[in-house]
Amino acid sequence: MGLLNEAFVYLCAAVIAVPVANRLGLGSVLGYLIAGVVIGPVIGLVGSETTEVQHFAEFGVVMMLFLVGLELQPAMLWKMRQQLIGLGGLQVTVTTAVFAGIGIAFGLAWQSALALGMILALSSTAIVLQTLNEKGWLKTRGGQSSFSVLLTQDIAVIPMLAVLPLLAIGVSHDGIDGSGNSESAGHGGEALAALPGWAQALVILVVIAAIVIAGRHLLRPVFRFIAEARLREIFTATALLLVIGIALLMDFVGLSPALGTFLAGVVLSDSEYRHELEADIEPFKGLLLGLFFLTVGAGIDFELLFGAPLMILGLVIGLMTVKFAVLFALGTLFRLQGADRWLFALGLAQAGEFAFVLFGIASGGGVLEQGLLQTMTLIVAISMLLTPALFIFHEKVVAPRVVAQSDRQPDTIDSRGRVVVAGMGRFGQIVSRMLLTSGYEVVILDHEPQTIENLSRIGIRTFFGDATRPNLLHAAGLEEADLFIAAIDDRDKQTQMVEHVARTYPNVKILARARDRHHVYELENVGAHHAEREIFEGALALGRRAFVELGHHPFHARVRAREFRNHDVAMLDALRENFNDGGVDNSYIDAMRAHSETLKEIMRVDRGNNRHEGADRGWNPPPKSDASL
């Protein structure tokens, strides 16, 4: 198969499979793996060349580590040190020890068992973070704990890359010499082979010091000089030159290229060019990593699965059960409660995409036998494929029951008020403070212990409990209240709660927080008397400020913002009849376009006559002769 033919097949597979996988909630990594399985073992469009392609695509891992380093600013790492060293460090250490012990018990050499333990201790950063973001769980305690562990794991990959080749010493396999390298293959560090050990160590330290010093003092002037040329493609070329150059330098001294690029990324993490470097490297990293996962999927041995399905599935379940048990125990130790602890344990119970990279290094060094590598690659891939199912299980089965049977029982609500507020996020806090400071008695409900603790410090009493539970709403005295304000984060639960209150307490007025225009209609349909889009008024205020910064008189900016608001509210009313529960249809889209054209006519004014010095004229209306109005 020619180069262009291969590229066409891989790109077609990615373009088709990845968007479909994302739409189904599986994530891009699983999309690439599935696409590789289809074009490889299933229909056989690719075959033996996948190994060569994979060696090329592994450079995407080098770029990934560079980007990880860019994100790890020293100040941030220091701030998170307790979570990283405590929870994250214990997870990696304990899980490695458990799997290494299991490996030794099954007869593996301690070097192979340790390598396998380190690799299986990692979880899938790509799948977990994407799911936590999509579900809105990243800001929960379980989500934050998961993020800390994933960050620790990403950092832990670096010493693993350095340790794996050392474990090859003393492990003898066919075709592998005592240093862990193939007898027929060249390897990095040959240039230093003639030097004594102390000299090799000195050269390596000098190279690492040079990377740090150059990143601090030399690269910034270079990037400044390149940026002044204002040629985007040259800046991109410079970023690629940096990554490739450091990778070659590290390979020259016999160290992992990923280690060097990670170090360079950390050094440049507080640079003013960090975001530009991320933007330039990200597309190359994404494509190469996607290609890497495609080749992993294409290389999965399904004959092995079909030959011993019970053994393979048993090993997958065993892997995920062990990781779940370790994570659940650590969550308990670090005082994660209820649904947060289950989210933490279930979400990280799979193996991760870095396993494929480390398996490649372990294979090249002879640390793990080829047969074992094939089996473990299949197990890791299946565990990742099962991850979306674990999140669905948590959301639909575990969370509702755990919340209902939380370690912390709902507070006894011993006060009554004219207003009951459910949800003290960024939206509910503002509404509650307005009412409380105006002298109203307000009963406030929230299910986040940390939020309740923080609010108590500033004198806002909040009762713990799940406001979506009918018995808690009853205990809050809703039947005696005049007003119910629904402001919880979860869109579906918000709608269900509003529907219950409207049906059970018909005399209570319901004001609800809505995510967007469609959510407004949904809330109104189930009984809300008024629904307010959560970001609408704030966005209007910022838009008004934008007009001022563009040179408009402040009074004129205020008038424009008011005109926009009036038209948008009218459009909200007009489009209501075109909205249905199934979403939007052609009539809705046509009406939306018509209103957008009307808005353009309203807002279109001769911009040339609308510029004023707002600082000089302040908020006084412009004179009647002013052409800006």
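The values are calculated or read from the model by the stated rules, or taken from the named source; none is laboratory data. All values reported here derive from a predicted model rather than from experimental measurement. Reconstructed Cβ throughout: ideal geometry from the backbone, glycine too, with neighbour counts over all protein chains shown. When the accessible area is computed, the model is the full protein with side chains, heavy atoms only, and any ligands, DNA or RNA have been set aside. Shrake-Rupley method; radii C 1.70, N 1.55, O 1.52, S 1.80 Å.
Couple of notes before you dig in:
- Number of positions in region 503-521 that are under 21 Å from residue 426 (Cα atoms) and part of a loop (DSSP other than H, G, I, E, B): 2
- Verdict on residue 453 being farther than 25 Å from residue 340 by Cβ, of a type outside the set (Gly, Ala, Ser) and either in contact (Cβ under 8 Å) with a residue 24 or more places away in the chain or assigned to a helix (DSSP H, G or I) (or both): no
- Every residue from region 267-307 that is surrounded by 13 or more Cβ atoms within 10 Å (Cβ to Cβ), assigned to a loop (DSSP other than H, G, I, E, B) and not β-branched (Val, Ile, Thr): 268, 269, 270, 271, 273, 299, 301
- The conditions of being touching a Leu at 6+ places or on another chain (Cβ under 8 Å) and open to solvent by less than 50 Å² (accessible area, probe 1.4 Å) are not met by residue 322.
- Restricting 579, 555 to residues that are of a type in the set (Phe, Trp, Tyr) and at pLDDT 80 or above narrows the list to 555.
- Residues that are under 29 Å from residue 100 (Cβ atoms) and of a type in the set (D, E, K, R), drawn from region 275-302: 301
- When residue 426 is tested against (1) farther than 30 Å from residue 479 by Cβ; (2) open to solvent by 50 Å² or more (accessible area, probe 1.4 Å); (3) touching an Asp or Glu at 6+ places or on another chain (Cβ under 9 Å), just one condition goes unmet, and that condition is (1).
- Qualifying positions in region 363-379 - in a helix (DSSP H, G or I), modelled with pLDDT of 80 or more and in contact with a Ser or Thr (Cβ under 9 Å, 6 or more places away or on another chain): 370, 372, 373
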